[in-house]
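Please read the structure below before turning to the comments.
Taken together, the values in this text are just the output of simple stated rules run on the coordinates, not laboratory data. What you are looking at is a predicted structure, and each value in this text was computed from that prediction instead of being measured. Quick reminder, even Gly has a Cβ in these numbers, built from the backbone with ideal geometry, and neighbours come from all protein chains shown.
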Amino acid sequence: MKYILLFALAFFTMSAHAWDVDTVKTKRDTTKKHGYHIFFDKDKRKEKVESALDTTPVKEHSKAPGFSIGITLARLDLGLATLVDNGSFTLSPQNSFLSYRSWKTSNVGFDVAQMGYRFSSGFRIYTAVGFDWTLIRLRQNITILPSTPVLSYRVDNIDYSKNRFSASYLRVPLTFELRSHEDASGHSFKFDIGPEFGLLIDGRVKQISAENGKQKFDNGYHFAKWRYGGVARVGYGPVGIFGKYYFNDMFQDSPAQAGLKNFSFGLMLGF
């Protein structure tokens with residue numbers, strides 16, 4: 001977890017700089033000097049209106065419409081992951097071996113490239129490519145077995161100080177973004193929503209114990225090779241919150257886990 005926090009700090013610093021650079025990529029700020037002065041002629045008692053220049057500059061920020069593509073470091077998700085078992089947050093008996101520590105079961109992800117089209121300063125559509133991890137901290141002293149016909153496990157006579165079962169995905173969101181006008185500081189409120197698709201990179205079991213030290217085992221572990229769901233994000237400036245729900249099952253070719261889905265929510269940096 002400390003490595004994730006250090007990475008988040010570095011990410012926030014870099015993304016804040018990137019965000020500042022992005023705000024420069026707007027239409028050239030315009031300075032308006034206009035106004036009217038109204039006064040009365042004391043002698044003739046007639047109202048006169050005189051146009052005059054106002055010396056107070058007013059800056060207007062706006063995003064220019066157009067296509068964009070490039071490398072980015074954005075939308076760092078730091079949240080909690082929850083297993084939803086056929087609509088319930090309580091695991092069924094056949095899935096009880098996946099019992100997990102709620103506050104240590106997390107979702108981490110970020111985007112590294114994106115392209116999109118801005119229709120106006122308040123609306124754009126973009127897609128991105130990034131990475132996403134679901135990290136399940138198991139409660140029981142078990143080992144998820146690799147390369148089995150269905151998702152299987154064995155009970156170990158070992159007290160694990162850490163027993164983590166995880167999956168890493170390449171993520172590809174398609175996002176519709178609404179944003180407010182920028183305020184004086186250049187910040188705006190943003191709301192993103194859209195589908196997200198994922199391609200499995202690999203699954204992993206990581207265990208730490210006094211008997212065996214640190215061990216890592218990589219395998220597909222019947223995680224779904226493809227996943228699809230919906231993502232929503234809302235925030236102000238570079239900070240926000242997110243929620244994700246995947247419509248297909250977490251595992252494939254394992255009938256006992258049918259209906260087990262993934263939901264996550266949390267804090268987002270680099271919006």
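In nm, give the distance between the simple-model label positions of F67 and S120, each being 7 Å from the Cα along the Cα-to-Cβ direction.
Label-label distance for F67 and S120, simple model: 2.3 nm.
Between L199 and N212, what is the spin-label point distance in nm, taking each point 7 Å from the Cα along the Cα→C-beta axis?
The two pseudo-label positions are separated by 3.2 nm.
Taking 7 Å along the Cα-to-C-beta vector as the label spot, tell me the V150-F247 distance in nanometres, rounded to one decimal.
2.7 nm
Restricting to DSSP loop positions (anything but H, G, I, E, B) with no more than 15 other Cβ atoms inside 10 Å of their own Cβ, which trypsin sites (Lys or Arg not before Pro) remain in the range 191-271?
On the way: sites: R204, K206, K214, K216, K225, R227, R233, K244, K261; in loops: K225.
Here the sparse-neighbourhood loop sites are K225.
Greater than 32 Å separation of Cα atoms is the criterion. Which listed pairs, K162/K225; K216/K261; K63/K104; K104/K190; K162/K244, meet it? Mind showing how you got there, number by number?
Working: K162/K225 26 Å; K216/K261 25 Å; K63/K104 40 Å; K104/K190 29 Å; K162/K244 26 Å.
Checking Cα-Cα distances, K63/K104 exceed 32 Å.
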